[in-house]
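These notes concern the structure reproduced below.
The values are calculated or read from the model by the stated rules, or taken from the named source; none is laboratory data. From a predicted model like this one, the values you see are computed outputs, not experimental measurements. Positions of Cβ are generated from backbone atoms using ideal geometry, with glycine treated the same way; all protein chains shown enter the neighbour counts. Heavy atoms of the whole protein, side chains included, go into the accessibility calculation; ligands, DNA and RNA do not. Shrake-Rupley method; radii C 1.70, N 1.55, O 1.52, S 1.80 Å.
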Amino acid sequence: MRSLFWGCVALCSCLAQPVASAQPAERTQAAGLQPAEPPFALTLQQLTDWTEQGATASAANRSLVPLARRQSAPLTGLAVQDSYAKVLYAPDGMNNFGNYVTPQPKFNLYNFSHWSQIDILNWFAGTADLTVQIPARPWVDTAHKNGVKVIGSVFLGIAQWGGNPDTVETLLQQDAQGRFVLADQLIRIAKFYGFDGWLVNQETDLTAVKDAANQLVKGEKNPQRGAELAARLLAFMQYLTARAPQGMEIHWYDSMLPSGVVRWQNELNEQNQRYLQGAVRSSDAIFLNYWWDQPMIRQSAERALMLGRSPYEVYTGADLWPSRTAQRAFSQSRWLDDLMVDGKALTSIALFAPNVNFNFSGDADTPAFSTFAENPHDERRFYQTEQRLFAGDDLNQATTDATGWKGLGAYLAAKTTVLSLPFHTRFNTGHGKQLWLNGQTKGAAWSDISQQDVLPTWQFAVEGDAALQIFYDFHQAWSGGSSLAIQSSATTKTSHIPLYRTQLQPGSGLTLKVRVQGQAAGLSLYVQTADGNRLSLPLQNSDHWQQLTAHWPELQGQQIVQLGLLLSAGQKPLNARIGELELLP
């Protein structure tokens, strides 16, 4: 029982507190971020009363960015990469990190750049009172630009931390026609704000008995009420899933049994399968708890097939928070091997608390990965830790680490949205120590992830000189907050750096424009066709931002599949920045 309880803590430990976070609120909530209140968080009464024109709605939080089309982008040279399994990304306490709709006057806010490696962002948050957690528009905008869905959270808290069966009963209210009115409200809210669905995280023991002060009555249970509420909650899920429009996803967290008792199963089995599939579809996916082994995951995949569902609609949970012990970030890696068989994932993956690069302050066993939440000068470690999660301990997606943490990118193919012309990026990650415009500083520190460009498909992959360094530079940029820096000492090997997987067909040739600064001699930017042919534009040294252009009419009608960098052997030390890149028909 202890292991099951602590497995739950990975998903819900902080949620009984006033602010949902694995760390205290003062550690993570930055000045200027809005508190957990409308439009980002709603009580069930506010959910009931919500209208598009009401006081708890916000037109400023509406995302109008459509979900971009994307394609699989396996990296040539790696072992077989799975292109079908999906990755759900659930930072713990998004309300502490991202509750804003306007640019913020601070650089060191939480950020994310590896959209090509995930499929769903879960806006994970909630308290016993603030049941409904709504994503912030800037995050939805950028997720959609990268073809990533965003789902909000419906959190029903643990009984000893404020959760109450009465709250669940309120959620389940029906009108005279039997319609679940709050399910319909959830759909209206997602449609209004432009995000993609909900995770229903039901962790209230429905058999619990509570007094007028919302305290547990020790020794008392009400199993009849628990079973009745659980049956109605299943009907609610089936109604919500059936009513949700095409493309909207409803997910269920593995917590509750048909009796209404909370007991995490850590696999898809006869106890929880009805919340994925019964006589009708109950949810679009299930998020499994963390205490599993490979036989349990094999059984989950087999049971999904038996139910007529895809194993990739099962998201096996991985709790990355270092202070907990299920799938501790970087120090535990066997779990990732256990999910893979012959290069194929048994199920999809749900990464919980991957925000270890931002607000994990260290403990007796694991030092802090970065201090970026307090120290705006520690951005390099902040970005490298996220890069390590996907690229492995060597921070290189082009190689698979022989030992240690290999990274998700060694197993799962990235995805790309660079499928049409024109394509334009300034390598702007959506925040900066300064605001740059055309190479000139125009403002102080800022954050607005909605301004993030489509970043490289692979961050980063180096074939050749392993000492070559590629990173986002926040000290010099053309426009936005950052540029792409490439540095090395004198090179002895020719190096190949694939950046973007593309699927482009120029109608009348292709024009490449690049803006570069620094010591760039020996570096070339290339485009690669489907037959492996490369055309390149050599870069030049320049103390100032310099734009270079190449036009290739011979590419008319050909398919462009990759965009990257080449570095010749025998070059002097390299210290270059790329501030802008354009591909034009």
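The table below gives the values:
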item	result
Answer from Gln540, Gln528, Gln517, Gln476 - the residue that is assigned to a strand (DSSP E or B) and surrounded by fewer than 22 Cβ atoms within 10 Å (Cβ to Cβ)	Gln528
Which listed residue, of Phe330, Phe358, Phe352, is in contact with a Gly (Cβ under 9 Å, 6 or more places away or on another chain) and buried (at least 24 other Cβ atoms within 10 Å of the Cβ)	Phe352
Filter result (crowded, with 24+ Cβ neighbours inside 10 Å and out of contact with any strand residue (DSSP E or B) (no Cβ under 8 Å at 6 or more places or on another chain)) within region 115-133	Trp115
Selection within region 134-174 - in a strand (DSSP E or B) and either surrounded by fewer than 22 Cβ atoms within 10 Å (Cβ to Cβ) or in contact with a helix residue (DSSP H, G or I) (Cβ under 6 Å, 6 or more places away or on another chain) (or both)	Lys149, Val150, Leu156, Gln174
Filter result (of a type in the set (S, T, N, Q) and surrounded by fewer than 17 Cβ atoms within 10 Å (Cβ to Cβ)) within region 272-298	Gln294
Residue count, region 547-565 (criterion: assigned to a strand (DSSP E or B) and within 25 Å of Val462 (Cα to Cα))	10
Total residues in region 534-563, condition over 17 Å from Ser420 (Cα atoms) and not aromatic (Phe, Trp, Tyr)	19
Complete set of residues in region 396-426 that are open to solvent by less than 50 Å² (accessible area, probe 1.4 Å) and either free of Cβ contacts under 8 Å to residues at least 40 places away in the same chain or touching a helix residue (DSSP H, G or I) at 6+ places or on another chain (Cβ under 6 Å) (or both)	Gln397, Asp401, Gly407, Leu408, Gly409, Ala414, Lys415
Selected residue [of a type in the set (Gly, Ala, Ser), surrounded by 22 or more Cβ atoms within 10 Å (Cβ to Cβ) and more than 26 Å from Leu305 (Cα to Cα)] from Gly178, Gly226	Gly226
Among the candidates Gly247, Gly260, residue that is at positive phi, open to solvent by 10 Å² or more (accessible area, probe 1.4 Å) and touching a residue at least 24 places away in the same chain (Cβ under 8 Å)	Gly247
Verdict on Ser259 being farther than 30 Å from Thr325 by Cα, at pLDDT 95 or above and among the polar types (S, T, N, Q)	no
Every residue from region 444-463 that is open to solvent by 10 Å² or more (accessible area, probe 1.4 Å) and not in a loop (DSSP other than H, G, I, E, B)	Trp446, Ser450, Gln451, Glu463
Residue satisfying all of: in region 336-349; open to solvent by 10 Å² or more (accessible area, probe 1.4 Å), among the hydrophobic types (A, V, I, L, M, F, W, C) and modelled with pLDDT under 95; farthest from the chain's Cα centre (by Cα) among these	Val341
Residue satisfying condition, being in contact with a Gly (Cβ under 6 Å, 6 or more places away or on another chain) and among the hydroxyl-bearing types (Ser, Thr, Tyr), within set Tyr253, Tyr239, Tyr290, Tyr312	Tyr290
Any hit, region 546-564, residues being touching a residue at least 60 places away in the same chain (Cβ under 8 Å), out of contact with any Ser or Thr (no Cβ under 7 Å at 6 or more places or on another chain) and crowded, with 16+ Cβ neighbours inside 10 Å	yes
Qualifying residue in region 191-208 (condition: under 18 Å from Gly260 (Cβ atoms), touching a strand residue (DSSP E or B) at 6+ places or on another chain (Cβ under 8 Å), modelled with pLDDT of 95 or more and surrounded by fewer than 19 Cβ atoms within 10 Å (Cβ to Cβ))	no
Residue ranges of strands (runs of 3 or more DSSP E) in region 329-436 with at least 1 members among the aliphatic types (A, V, I, L, M)	348-352, 414-416
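Conditions (1) part of a loop (DSSP other than H, G, I, E, B); (2) among the charged types (D, E, K, R); (3) touching an Asp or Glu at 6+ places or on another chain (Cβ under 9 Å), marked per residue:
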| position | (1), (2), (3) |
| --- | --- |
| Lys218 | no, yes, no |
| Glu228 | no, yes, no |
| Ala231 | no, no, no |
| Met237 | no, no, no |
| Pro258 | yes, no, no |
| Trp264 | yes, no, yes |
| Glu270 | yes, yes, no |
| Tyr290 | yes, no, yes |
| Met296 | no, no, yes |
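For every residue, the table says whether it meets (1) modelled with pLDDT under 95; (2) open to solvent by 60 Å² or more (accessible area, probe 1.4 Å); (3) over 22 Å from Ser370 (Cα atoms); (4) of a type in the set (Phe, Trp, Tyr).
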| position | (1), (2), (3), (4) |
| --- | --- |
| Glu26 | yes, yes, no, no |
| Ala30 | yes, no, no, no |
| Pro38 | yes, no, yes, no |
| Gln45 | no, yes, yes, no |
| Asp49 | no, yes, yes, no |
| Ser58 | no, no, yes, no |
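Here's the yes/no breakdown for (1) part of a loop (DSSP other than H, G, I, E, B); (2) without any contact (Cβ under 8 Å) to a residue 24 or more places away in the chain; (3) touching a strand residue (DSSP E or B) at 6+ places or on another chain (Cβ under 7 Å):
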position	(1), (2), (3)
Pro38	yes, yes, no
Ala60	no, no, no
Ser63	yes, no, no
Ala68	yes, no, no
Phe97	no, no, no
Val101	yes, no, no
Phe107	yes, no, yes
